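Before I ask anything, here is the structure I am working with.
Taken together, the values in this text are just the output of simple stated rules run on the coordinates, not laboratory data. Keep in mind it's a predicted model, so treat the numbers as computed, not measured. Note: ideal-geometry Cβ built from the backbone for every residue, glycine included; neighbour counts use all protein chains shown.
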Amino acid sequence: MNRETELEVKYSNPELEGEDFEGKDVVLRYGFGPIPEEHRNKKIFFFDIDNCLYCRSTRIHDMMQEKIHEYFKTNLSLTDEDAHNLHMKYYKTYGLALEGLVRNHQVDALAYNAQVDDALDLKSVLKPDVNMRNELIRIKKEQGFDFFWLITNAYKNHALRVISFLGLGDLFDGLTFCDYSTSPITCKPMDVFFMNCLSVARIDASDSQIMKKQYYVDDSEINVKAASRLGFGHVIHYVESEQDYEVLKSTPDFTQYYSIDNNDDSKIRIIRNMLDLHTVLE
Ligand SMILES: [Mg+2]
């Protein structure tokens with residue numbers, strides 16, 4: 001087996017058995033990395049997944065919150081109110097509710113993942129998105145990207161499920177996920193998580209000229225700001241809701257990170273629709 005075959009990750013979604021559409025089978029050429037050494041410092045587009053490759057209006061985030069709530073209630077034997085308060089406390093303290101569960105209750109993170117993310121009924125809300133697929137194919141060709149790389153705070157199972165349901169499974173070269181089996185858990189927007197992702201994608205993060213060639217899109221304000229500080233040359237913030245857009249524009253450090261007229265490529269660019277991605281890439 002050669003090096004590339006060893007890295008490759010394939011996933012056939014059992015919930016899509018019998019269905020036939022492009023991109024339903026996931027093939028990640030370089031898996032979870034690292035990309036072979038000979039492909040060092042290529043031009044890569046890094047993509048967030050949740051609420052980015054699909055719309056927030058699918059309400060998957062709400063479905064997830066309900067599952068987490070149920071987990072707290074059932075596994076820690078709490079009332080609704082206590083479950084809610086502890087969930088919020090851990091989320092605010094650690095950035096991930098799971099981190100609080102692992103630290104304070106010795107919860108098995110992978111068992112938690114099975115009961116929360118992997119139990120989400122994604123099939124009922126995520127459909128093959130031909131428009132998104134065409135947008136990604138267009139960008140890769142027109143802008144000459146070497147690789148597309150996924151970077152998510154979810155565990156790998158969730159990431160693979162999502163892109164298969166969306167019919168985007170064959171468009172990415174690799175994935176960096178939040179490894180719930182490690183302790184402490186690292187995730188976005190921690191520098192160490194981004195640096196690990198850049199390392200497995202073979203990008204020399206200390207070389208500012210190389211970093212200027214890299215692209216990143218995410219729907220999270222703290223994540224795009226972190227990427228911008230780390231020197232990604234092209235950072236795009238997908239802001240779906242009008243309310244979030246208005247709040248964002250009134251944040252005190254808005255002009256430090258974003259340009260007023262959204263045309264300064266040295267700053268974070270905002271898009272309101274992922275299908276407009278090609279308009280901010282020049
Ligand atoms: Mg997201």
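Would you order LEU28, LEU76, LEU122 from fewest to most other beta-carbon atoms within 10 Å of each residue's own beta-carbon? Intermediate values should be presented prior to the final figure.
Working: LEU28 26, LEU76 15, LEU122 21.
Ascending number of Cβ neighbours within 10 Å: LEU76, LEU122, LEU28.
Efficiency by 1/(1 + (r/R0)^6): what FRET value for THR93 and ASP253, r their Cβ-Cβ distance, R0 = 25 Å, to the nearest 0.05?
It comes to 0.60.
Output ³J(HN,Hα) for the range 270-282: one whole-Hz value per residue in order, computed from phi by the Karplus curve 6.51 cos²θ - 1.76 cosθ + 1.60 with θ = phi - 60°, and x for Gly and Pro.
Karplus values, whole Hz, x for Gly and Pro: 9, 10, 9, 8, 5, 6, 8, 3, 4, 6, 10, 9, 4.
Another one. Please compute the length gained on full extension between HIS105 and SER206, using 0.36 nm multiplied by the number of residues separating them and subtracting their Cα-Cα distance.
Between HIS105 and SER206, full extension yields an extra 32.5 nm.
Within the set LYS10/LYS73; LYS141/LYS225; LYS141/LYS249; LYS43/LYS156; LYS24/LYS249, which residue pairs have Cα atoms separated by over 31 Å?
Flagged as over cut-off: LYS10/LYS73; LYS141/LYS249; LYS24/LYS249.
Quick check on the exposure proxy: order ASP218, ASP204, ASP170 from fewest to most C-beta atoms within 10 angstrom. Write down the numbers at each step before the final one.
Numbers: ASP218 27, ASP204 13, ASP170 16.
The order, fewest Cβ neighbours first, is ASP204, ASP170, ASP218.
Can I ask one more? What does the convex hull of the Cα atoms come to per residue for the chain, in Å³?
Given the Cα convex hull of the chain, per-residue volume reads 144 Å³.
Rounded if a/c is under 1.5, else prolate if a/b beats b/c, else oblate: with a ≥ b ≥ c from the C-alpha gyration tensor eigenvalues square-rooted, which is the range 108-195?
Since a/c reaches 1.5 but b/c is at least a/b, the shape of the range 108-195 is classed as oblate.
So which residue, out of PHE147, PHE194, PHE21, gets the largest mean-square fluctuation from a GNM of the chain using Cα contacts under 10 Å as springs?
Of the options given, PHE21 has the highest mean-square fluctuation.
I want to verify a result. In a Gaussian network model of the chain, Cα cutoff 10 Å, which of these has the top mean-square fluctuation: LYS73, LYS141, LYS43?
LYS141
Then there's this: What are the ³J(HN,Hα) values, in whole Hz, obtained from phi via the Karplus relation 6.51 cos²θ - 1.76 cosθ + 1.60 with θ = phi - 60°, for each residue of the range 14-22 in sequence order, with x given for Gly and Pro?
Here the 3J(HN,Hα) series is x, 6, 9, 4, x, 8, 9, 8, 4 Hz.
Rounded to the nearest 0.05, what FRET efficiency do LEU76 and MET190 give with R0 = 35 Å and r taken as the Cβ-Cβ distance? Could you check?
The pair LEU76/MET190 has a calculated efficiency of 0.85.
Right, something else. Of the residues PHE45, PHE32, PHE145, which exhibits the maximal mean-square fluctuation in a Gaussian network model of the chain defined by a 10 Å Cα contact cut-off?
Highest fluctuation among the options: PHE145.
Check which residues have an amide H placed less than 5 Å from LEU126's amide H, if you skip close sequence neighbours.
Placed amide hydrogens put nothing under 5 Å from LEU126.
In the range 44-67, whose amide N lies under 19 Å from the spot 7 Å out along Cα-to-Cβ of ASN134? List them in ranges.
53-55
Near the amide H of THR176, under 5 Å away, which other amide H atoms are found, from residues 5 or more places off or on another chain, if H is placed in the peptide plane?
Under 5 Å from the amide H of THR176: LEU150, ILE151, THR152.
Any chance you could check the Cα centroid distance between the range 239-282 and the range 142-220 for me, in angstrom?
Distance between centres, Cα-based: 21 Å.
Contour minus end-to-end for ASP170 and SER266, with contour as 0.36 nm per residue of separation and end-to-end as the Cα-Cα distance?
31.5 nm
As a footprinting exposure proxy, order ARG161, ARG133 by other Cβ within 10 Å, with the fewest listed first.
ARG133, ARG161
A further question follows. List, in order, the whole-Hz ³J(HN,Hα) value for each residue of the range 115-124 obtained from phi through the Karplus relation with A = 6.51, B = -1.76, C = 1.60 and θ = phi - 60°; use x for Gly and Pro.
Using θ = phi - 60°, the values come out as 7, 10, 4, 6, 8, 5, 7, 5, 4, 6 Hz.
Run the numbers for GLU38 and GLU282: contour at 0.36 nm per residue of separation, minus the present Cα-Cα distance, in nm.
So the extension gain works out to 85.2 nm.
Enumerate the amide H contacts of ILE270 below 5 Å, restricted to partners 5 or more residues apart or on another chain; note that Pro and chain-start residues carry no placed amide H.
Those lying under 5 Å, H to H, from ILE270 are HIS237.
How high is the relative contact order of the range 60-123, in percent, with contacts defined as C-alpha pairs under 8 Å that are six or more residues apart?
37
Taking R0 as 25 Å, what FRET efficiency do you get between THR5 and GLN115 from their Cβ-Cβ distance, rounded to the nearest 0.05?
Values: r = 34 Å, r/R0 = 1.35.
It comes out at approximately 0.15.
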